[in-house]
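Notes follow once the structure below has been shown.
The values are calculated or read from the model by the stated rules, or taken from the named source; none is laboratory data. Note that the coordinates shown come from a computational prediction; the quantities given were computed from them, not determined experimentally. Cβ coordinates were reconstructed from backbone atoms using ideal geometry, including for glycine residues, and neighbour counts include every protein chain displayed. Note: accessible area is taken over every heavy atom of the protein model, side chains too, but ligands, DNA and RNA are not part of it. Shrake-Rupley method; radii C 1.70, N 1.55, O 1.52, S 1.80 Å.
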Amino acid sequence: MAERSMALSIVQFPCLSDNYGVLIHDEASGRTASIDAPEAEPVLAALKAQGWKLTDIFTTHHHPDHVDGNLELKAATGCTITGPREEADRIPGIDIEVGDGDSFDFAGHPVRVIATPGHTLGHIIYHLPEDKVAFVGDTLFALGCGRVLEGTLEQMFESVEKVGALPEDTALYCGHEYTEANWRFAITRDPDNARLIARGDEIRRLRADGLPTLPTTVAIELETNPYLRTRTPALAVSAGLPAGTPSEIFAATRRAKDVFKG
Ligand SMILES: [Zn+2]
């Protein structure tokens, strides 16, 4: 029988203006992966602070604020870069291409790849079911979702629903600290949601202290994220649409956010 692998250590740190870098580390093997690489410097600093050596980068999508550190980190550490097959030609230094439904092993920790097109067409997320954690890039944010830049609103709806369908105790690490601004919009769509109101106080307290609001969890997002609440009456009313039309409600909500001046 295989020995149960130890819990991963996870370190999150700010990059650029509002991105997060994340390192995951398996103590027994010494393997360490960076989830995306917004810029090399803070990733190298975090590695040094932990005493870890980078072995992998797991890329979610091709945007510069997620891949600009790839080549410098690869040159400095010799790490292997895994990323989305569908946009491999736009991932600097990519070694291993993965797509929807693929699974691979990270130091004894199973990793599942899930395609989440919409923000970009090839966007993927990494789910580690045994570790109860998912790295969702710019697909879902705390109280928000990514802008639909390449795909359709229908695609993005389906992608966001995939994140919402993960086990409720899954920790979600997202690409950006957008939570406070997302709350200001969310409360206009779901104004009587007591959990959302309470979460606003919590978010403002954390941000006032300069602390991250992430990671979040699937359970918290199902209770408060407007894009995962398209089956609730409040979101239908705000969208001016009949209940029971979740993808239309999603699209109307996402469009309203695009022009929201909070
Ligand atoms: Zn992006």
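How about segment 227-262: which of its residues are open to solvent by less than 30 Å² (accessible area, probe 1.4 Å), among the hydrophobic types (A, V, I, L, M, F, W, C) and under 18 Å from Asn193 (Cα atoms)?
Leu228, Leu235, Ala236, Ala239, Ile249, Phe250
For segment 152-178, which positions are assigned to a loop (DSSP other than H, G, I, E, B) and open to solvent by 20 Å² or more (accessible area, probe 1.4 Å)?
Thr152, Ala165, Pro167, Glu168, Asp169, Glu177, Tyr178
Ala115 - would you say it is away from the ligand (no atom under 12 Å from the Cβ), closer than 30 Å to Arg255 by Cβ and under 12 Å from the mean Cα position of the chain (by Cα)?
no
Find the residue count for segment 57-79, including only residues that are more than 19 Å from Pro14 (Cβ to Cβ), of a type outside the set (Ser, Thr, Tyr), more than 9 Å from the ligand (Cβ to nearest atom) and open to solvent by 10 Å² or more (accessible area, probe 1.4 Å).
Here the count works out to 5.
So which residues in segment 123-140 are within 16 Å of the ligand (Cβ to nearest atom) and either part of a strand (DSSP E or B) or surrounded by fewer than 23 Cβ atoms within 10 Å (Cβ to Cβ) (or both)?
Within segment 123-140, Ile124, Ile125, Tyr126, Phe135, Val136, Gly137, Leu140 meet the criteria.
Mind listing just one residue for me: the one in segment 141-154 that is among the aliphatic types (A, V, I, L, M) and within 18 Å of Glu87 (Cα to Cα) and, of those, nearest to the ligand (Cβ to nearest atom)?
Residue satisfying both the conditions and the ranking: Leu149.
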